[in-house]
Each structure stands twice: as structure tokens, then as C-alpha cells.
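Undergrad: After the C-alpha cells below, expect a handful of questions from me.
Every read-out reported here was derived from the displayed coordinates using simple, explicitly stated rules and does not represent laboratory data. In this text, all values refer to a predicted model and were calculated from it rather than measured experimentally. Ideal geometry is used to build each Cβ from the backbone, glycine not excepted, and the neighbour counts take in all protein chains shown.
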Amino acid sequence: MTDRQPIPNINIGQVYDQRYSDAEVHYDRLGNLAGFFGRNMPVHRHDRFFQVHYVKSGSVRVYLDDQQYVESGPMFFFTPPTIPHSFVTEADSDGHVLTVRQQLVWGLLEADPSLAPGPQLQAACVALGHLDPAGEREVRRLEYLFDELSDEIEADRPGRGAVLDGLTRLIMISLLRLCSNSLQARPARHEDLRIFHRFNELIESHYQQHWPLSRYAQGVGVTEARLNDVCRRIADLPSKRLILERLMQEAKRLLLFTGSSANEICYQLGFKDPAYFSRFFQRYAQMTPGEYRQRQSELR
């Protein structure tokens, strides 16, 4: 059996949007990130970064370390640095994703330790639909601040850096205030989580080799039917779809961040036939690789 792999550390600025590889703050719409990474995000972490997913609509299945949450928007989940987490969002889910270098948040806590309920900030999942009046005011403030942050990111006005810094600090303060309302985690079957995480580890190591599902199941130590059942229970997706989404994610990354042709990318990803790769990509992206590259270059 293949050795277990460490939990992947994802630097959003390097993997997704290289224009901001060294930025203190990275923001994008949830729908945009889901379009790149897929709706299923296997277990990962963000070393030296806090991250918040503010889900305005749609339901989400979240695993913060070994804690399970299933909730519908409006909600948010808050992930401190190094906390392993995974999640699956519905196709129509949208909202905001904010990734913030840890020094900015630590500075807020040093200035006012009351923002943290204990010596360390914990992961949190907060439903926003049934809060007390003070919480409702905080949510209204958050919605306004996120809209302002989104507008400032898209604009190119004087003082942009200072505005982004100020808005981010205000957003993080509101989030920290609301984290005390974190939901109780639902019980999760640890054996299911073990199987699911092991499956995703194997996908990460072998997706370019186009292993058949039977070989993945063998590597995990379960039957194909058991593996598929676990994936549907944890991610609400069939096991084969998770493999295909990882291939699509890498295809999009190579199209965006390399000068390789579609044919070259085809072979890098282990496909034998460029025509088949093009059909595969179009089936899941609803456009050809060339159309995807052109559309994304126009947006960036």
C-alpha cells in the first residue's frame, strides 16, 4: 500500500491566483473558487493563514478536523492556520472566501484579547439565521463589509491597499465576535472519514495515472460499493466524480498558469488522445480548453 501522504498545504495566492502570491489578504467569490477547485475540497490546510467561507446560499457539508457540520446559508465556517478541513458545497452555493495572513489576526488579538474566548482560536461553524439582535446587527455589518471588499478588489483606486486592510480588519472582528455562536458538531463515523481521507490521498498521488476505481478501492482496503457509499455519505458525490474533479482542477490550473498547449496538457495529465481530453474537458466545463483559457484571461 502507498505510504500515507501529509495533509496538503494550499497557498491560495500561488495555486489559484498568482497575481497575489505574496498578498496579506486574498478574496474571491465562493462560486469562482468552486469553479476552479470543484465543489468538493478534500482535506487540506492553510499554513500561516486564517480562512473564512461566508456562504450566503446553498448547503455545505464541512469537516473541521474531525468535527462534522451540515448547514445551509447564510452561514460561515472559520478555519485557523494548520487546522485540517474539507467541505462540499452545492452547485448553487455562493458567497465569499477570505484568506488572511495570520499576523493580521494576531495583531487584532494582541490589541484586544477579549476577541478570543480562550488562549487559542478554534475552528468554528456559525449559522446566521437565528442569532440574537446583537448577532443580527453583526451579520448586517458583515454583509455590507463583504460587499465593500468585493467592490474594492475589483476597482483600482488610490489608497486601495489601505482600504483592503481596513475592511479586512473590520470583517475579522465581526467574525470573531460571532464565533462564540458556533454550532455543535454532528457525530461523524470515524471509519467513514478515514476511508474518505485515504481515498483523497490516493487520488492526489495517482490521478494522473488514471487508476481504475477498483484499484483505488483496493488501495483503501474496501470494496468499490463501500467506497462509493462512503463518498456519497461524506461528500454527497459518487467516488468516480471525485477523481474526475481532481483531473479537471489540474487541467484548469495548467491552462491558467502555464503556456502549455492543450495537447501538451493532455499528455501531462496522462491522457493518450488530445481529442478525448478536449471532449472530457468540455463535458465538465461546458467549454473547450481553449475557450476556458481565453475567458479566464479576459477576467483577470
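Undergrad: Convert each backbone phi in the stretch 167-175 into a coupling constant with the Karplus relation 6.51 cos²θ - 1.76 cosθ + 1.60 (shift: θ = phi - 60°), then list the ³J(HN,Hα) values in order as whole Hz, x for Gly and Pro.
TA: So the J values, rounded to whole Hz, are 4, 5, 4, 5, 4, 5, 5, 4, 5.
Undergrad: From the backbone phi of the stretch 142-156, what are the Karplus-calculated ³J(HN,Hα) couplings (6.51 cos²θ - 1.76 cosθ + 1.60, θ = phi - 60°) in whole Hz, Gly and Pro given as x?
TA: 3J(HN,Hα) across the stretch 142-156, in whole Hz: 4, 4, 5, 5, 5, 5, 5, 5, 4, 5, 5, 4, 6, 8, 9.
Undergrad: Taking a cut-off of 20 Å between Cα atoms, list the lysines near Lys272, but don't count ones fewer than 8 places away on the same chain.
TA: Lys240, Lys252
Undergrad: Oh, and also: What are the ³J(HN,Hα) values, in whole Hz, obtained from phi via the Karplus relation 6.51 cos²θ - 1.76 cosθ + 1.60 with θ = phi - 60°, for each residue of the stretch 240-245 in sequence order, with x given for Gly and Pro?
TA: Whole-Hz 3J(HN,Hα) from phi for the stretch 240-245: 5, 4, 5, 5, 5, 5.
Undergrad: Excluding residues fewer than 8 places away in the same chain, name every one of the aspartates and glutamates whose C-alpha is closer than 14 Å to that of Lys56.
TA: Asp28, Glu71, Glu90, Asp92, Asp94, Glu143, Asp147
Undergrad: With springs connecting C-alpha atoms under 10 Å apart, model the chain as a Gaussian network and identify which of Lys272, Lys56, Lys240 has the largest mean-square fluctuation.
TA: Answer for the Gaussian network model of the chain: Lys272.
Undergrad: Can you tell me which of 36-48, 98-110 comes out highest on packing, and rank the rest after it, using the mean Cβ neighbours within 10 Å?
TA: On the way: 36-48: 18.7, 98-110: 16.5.
Averaged packing, sorted descending, gives the order 36-48, 98-110.
Undergrad: In addition: Quote to one decimal, in nm, the extra length available between Ala111 and Asn9 on full extension: 0.36 nm per residue of separation minus the C-alpha distance between them. Before the final figure, lay out the partial values.
TA: Values: separation 102, 0.36 × 102 = 36.72 nm, distance 2.89 nm.
Taking Ala111 through Asn9 to full extension adds about 33.8 nm, to one decimal.
Undergrad: Further, regarding this structure: Find how much the distance from Asp236 to Asp66 grows on full extension, using 0.36 nm per residue of separation minus their present alpha carbon separation; answer in nm with one decimal.
TA: Numbers: separation 170, 0.36 × 170 = 61.20 nm, distance 1.76 nm.
Difference between extended and current length: 59.4 nm.
Undergrad: Given Cα positions, please report Rg to Rh for the stretch 190-299, the hydrodynamic radius being the Kirkwood one.
TA: Details: Rg = 15.3 Å, Rh = 14.9 Å.
Computed over Cα atoms, the ratio is 1.03.
Undergrad: While we're on this one: Using only helices, what value at 222 nm comes out for the chain when you add -39,500 (n - 2.57) per DSSP H run of length 4 or more and divide by the total residues, to the nearest 500 deg cm²/dmol? Display every interim value, and only then the final one.
TA: Details: 12 runs with 149 residues, N = 300.
So the calculated ellipticity at 222 nm is -15500 deg cm²/dmol.
Undergrad: Quick one: putting +1 on the C-beta of Lys and Arg, -1 on the C-beta of Asp and Glu, what dipole do you get for the chain around its Cα centre, in Debye to the nearest 20? Walk me through the numbers before you get to the answer.
TA: Values: 35 positive and 38 negative charges, 176 e Å.
Dipole magnitude for the chain comes out near 840 debye.
Undergrad: Work out how much length Gln184 to Gln103 would gain on full extension: take 0.36 nm times their residue separation and subtract the Cα-Cα distance, in nm to one decimal. Walk me through the numbers before you get to the answer.
TA: Working: separation 81, 0.36 × 81 = 29.16 nm, distance 2.85 nm.
Roughly 26.3 nm would be gained on extension.
Undergrad: Report the paramagnetic label zone for Asn263: residues of the stretch 277-295 whose backbone N is under 20 Å from a point 7 Å from Cα along the Cα-to-Cβ axis.
TA: 277-282, 288-294
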